[in-house]
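Here is the structure we will look at.
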Amino acid sequence: MTAEADIWAVVPVKELDGAKQRLAGLLTPAQRSALAEVMVVEVLDKIATVRGLAGILVVTLDPRIAAHARRIGARIVTDGAREGHTGSVNAGARVLLAEKRGGMITMPGDIPAMTAAEVEAVLAAHQAAPAFTIAPAHDDLGSNAVVCSPPDSVPLRFGDNSYFPHLDAARRCGITPTVVRRPGIAMDIDHPVDLAMFLRRPESVGTRTRAFLEEAGVPRLLVEREVIPLFPRKRGEAG
Ligand SMILES: Nc1nc2c(ncn2[C@@H]2O[C@H](COP(=O)(O)OP(=O)(O)OP(=O)(O)O)[C@@H](O)[C@H]2O)c(=O)[nH]1
Ligand SMILES: O=C(O)[C@H](O)COP(=O)(O)O
């Protein structure tokens, strides 16, 4: 990718009240909303330092996230911002298309272990348009960073084990997808078990999200709820 590629980051952010429903069994609504905010702010602050991006669009109706997005110089898109993950990404892509921008890299707000260097590696691997690059989740189910140039090079559909369907969609568009795996980008936080994994992994060390989780007593909660066993089984032990 060259600087002339004109790639914009598109980050969809659901309103914080009601975010992270899949953590409802573990965290209170206030904790979930606070965690979502810490993660999104951490992700946006890191994206703001990525070299080679033309700009950042944050698709949101959340006033706190919009205020932070403005502070880091991002643009806010509100049209289509309540249309789910896919609808919101498409809303950002439409803005970029209307402005004849070169492409987009979309990432969710729940990958707080990502780094600017990882995103730069994804962008560096991206080919000349028409092109499609994807950085999957650690389990090869989710699509955690997706680059499309032009912004609508491949129809996107998140939320249902979308990684392999996105590879197929690219091929149907006549594009050979580029795959880039990076451990920080790969670690999205949806379920309690994801929190356990995040806290175990070296990539979370030094993140504000980890500090927040420790402050909120989440490591102990994960043990109490048996998401993390207190005495891990030894290899080969039955159970
Ligand atoms: N603007 C916008 N962003 C969304 C919407 N739905 C999801 N997102 C964003 O898309 C990314 C992935 O979100 P999800 O994992 O589906 O939702 P979540 O709130 O993080 O978690 P759950 O409530 O457990 O589904 C996050 O950055 C969300 O904020 C929406 O309706 N509008
Ligand atoms: O449901 C989700 O976790 C998000 O919408 C992300 O979707 P994905 O798993 O397809 O990346």
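Among the candidates VAL58, VAL43, which residue alone is buried (at least 21 other Cβ atoms within 10 Å of the Cβ) and in contact (Cβ under 8 Å) with a residue 60 or more places away in the chain? Break it down into steps so the answer makes sense when it comes.
Numbers: VAL58 fails: in contact (Cβ under 8 Å) with a residue 60 or more places away in the chain.
Among VAL58, VAL43, only VAL43 is buried (at least 21 other Cβ atoms within 10 Å of the Cβ) and in contact (Cβ under 8 Å) with a residue 60 or more places away in the chain.
Conditions first: (1) over 15 Å from the mean Cα position of the chain (by Cα); (2) away from ligand 2 (no atom under 14 Å from the Cβ). GLU83 passes all but one, so which condition is the exception?
Condition (2) is where GLU83 drops out.
Which residues, taken from the range 143-163, are within 18 Å of ALA9 (Cβ to Cβ), within 7 Å of ligand 2 (Cβ to nearest atom) and small (Gly, Ala, Ser)?
SER143, the sole residue that qualifies.
Testing ALA74 on (1) within 17 Å of the chain's Cα centre (by Cα); (2) within 12 Å of ligand 1 (Cβ to nearest atom), one condition comes back false. Which one is that?
ALA74 satisfies every listed condition except (2).
Pull out all pairs, ordered by first then second residue, where Cβ-Cβ is under 6 Å, the residues are six or more apart or on different chains, the first lies in the range 103-127 and is over 22 Å from SER88 (Cα atoms), and the second is part of a helix (DSSP H, G or I) and among the acidic types (Asp, Glu).
Note: pairs meeting the criteria are ALA113/GLU203.
Yes or no: PRO192 under 26 Å from ALA24 (Cβ atoms), out of contact with any Pro (no Cβ under 6 Å at 6 or more places or on another chain) and within 16 Å of ligand 1 (Cβ to nearest atom)?
Yes; evaluated as a whole, the condition is true for this residue.
Does ASP79 satisfy being acidic (Asp, Glu), open to solvent by 10 Å² or more (accessible area, probe 1.4 Å) and closer than 24 Å to ARG208 by Cα?
Judged against the criteria, ASP79 is not a match.
Residue-wise test of (1) under 16 Å from PRO108 (Cα atoms); (2) under 13 Å from the mean Cα position of the chain (by Cα); (3) open to solvent by 20 Å² or more (accessible area, probe 1.4 Å).
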site	(1), (2), (3)
ALA124	no, no, yes
PRO130	no, no, yes
SER143	yes, yes, no
ARG157	yes, no, yes
ASN161	yes, no, yes
ARG172	no, no, yes
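Could you identify the single residue in VAL218, VAL223, VAL227 that is touching a Leu at 6+ places or on another chain (Cβ under 9 Å) and free of Cβ contacts under 8 Å to residues at least 12 places away in the same chain?
VAL223
Identify all residues within the range 129-164 that are away from ligand 1 (no atom under 16 Å from the Cβ) and without any contact (Cβ under 8 Å) to a residue 24 or more places away in the chain; write none if there are none.
Hits for the range 129-164 are VAL154, PRO155.
The values are calculated or read from the model by the stated rules, or taken from the named source; none is laboratory data. Keep in mind that this is a model prediction, so the values were computed, not measured. Cβ coordinates were reconstructed from backbone atoms using ideal geometry, including for glycine residues, and neighbour counts include every protein chain displayed. In case anyone asks, the SASA skips ligands and DNA or RNA and just uses the protein heavy atoms, side chains included. Shrake-Rupley method; radii C 1.70, N 1.55, O 1.52, S 1.80 Å.
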